[in-house]
Structure formats: structure tokens, C-alpha cells
Amino acid sequence: MLKDLQEYVSNENRQLRAVANDIPSAVRYPNATGEPPAPPLNMEAACEKVSVLVRQNAVVIFTVSGCCMCHVVKQLLFGLGVGPIVVELDRDASGGDIHSLLLHLSGGGKRQQVVPAVFVGGKYLGGIETVMACHINGTLVPLLKNAGALWL
């Protein structure tokens, strides 16, 4: 998974540099000083942030505040006794970059919902449909136990 994300980030950065070189500097830096605004998309940093969070925590959920499906996943996991790390992308400085990575990870389909994105035991489990399917078929609790998120 990490290698796929790193390859994706590398390709994205090449494409962004190519596009940036085609844009006149007056358009790229419209402020009076001609200085660049905030740094451009930093996909490598986003990839590293996701990788560290996922490696260091049993359960990580990437959400958007106000998303009802994100709320459902969080409540399910809290109800099972799991204390996941929750990253709300709309409140995180690198949320847009992380969202792009998650879109790639989820398959990038137009119908595929990017959030909630749930990682268990360092691996991408999926979104609401996968989490609910695992819960219904009885495989979610064993996954959480194997990841060290549940001790019962």
C-alpha cells in the first residue's frame, strides 16, 4: 500500500510541476510582491502523515465533519469500545492532499465515497460499506482484536 501511495504521489508531483511551469508567473503569483502564496500541494508530506498515523495506531478514521456516514462509522467503533484516531479532513491543514490520496486508494471511482476511510491494523479496510459488511458478517471484531484495538 505504501509503495502504491508513494508512486502515486511521485506521479502527481510531476504532473503538478508540469502544469505549474505552463502557467505564467503573473497568474501563479497574483499578489503585489510576486511571491508565491502558500506552498503548493504537498502530496509527499500527506503520504508520510497518513503512513505514520496508520502505522502507529490500531484504528484510524479519516472523516469530514458533518458527514452522516462518518458519524455512523465513528459511533459503531466507539460503541464496540474502540478508541480510534479521527482525522477530520476539513479541519486539517493537509486535508485536501490526504483526500486526494484516499481517493486514489479507494479506487478513484466517481461513485466511490472517499470518507469515511477506515484503517485497521495498518491496512486500509475501506469505507462505510466495507465496515458495515464486516460488522454484519462478524469479521469486524476479530479484525479489531488482531489490531490491538479491542482486548475483550
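As a length-normalised measure over Cα pairs under 8 Å and 6 or more apart, the relative contact order of the range 48-152 settles at 32 percent. Here's how it looks for GLU88: its modeled amide H is under 5 Å from those of THR63, which are all 5 or more places away or on a different chain.
Just the protein heavy atoms count here, and of the accessible area of the range 77-152 at 1.4 Å, carbon and sulfur take up 56 percent. Among 140-149, 72-81, sorting by the average number of other beta carbon atoms lying within 10 angstrom of each residue, highest first, gives 140-149, 72-81.
The values are calculated or read from the model by the stated rules, or taken from the named source; none is laboratory data. Predicted, not measured: the structure shown is a model, and the values here were computed from it. Note that each Cβ is placed from the backbone with ideal geometry, even for glycine, and that neighbours are counted across all protein chains shown. All accessible areas refer to the heavy atoms of the entire protein, side chains included, with ligands and DNA or RNA removed. Shrake-Rupley method; radii C 1.70, N 1.55, O 1.52, S 1.80 Å.
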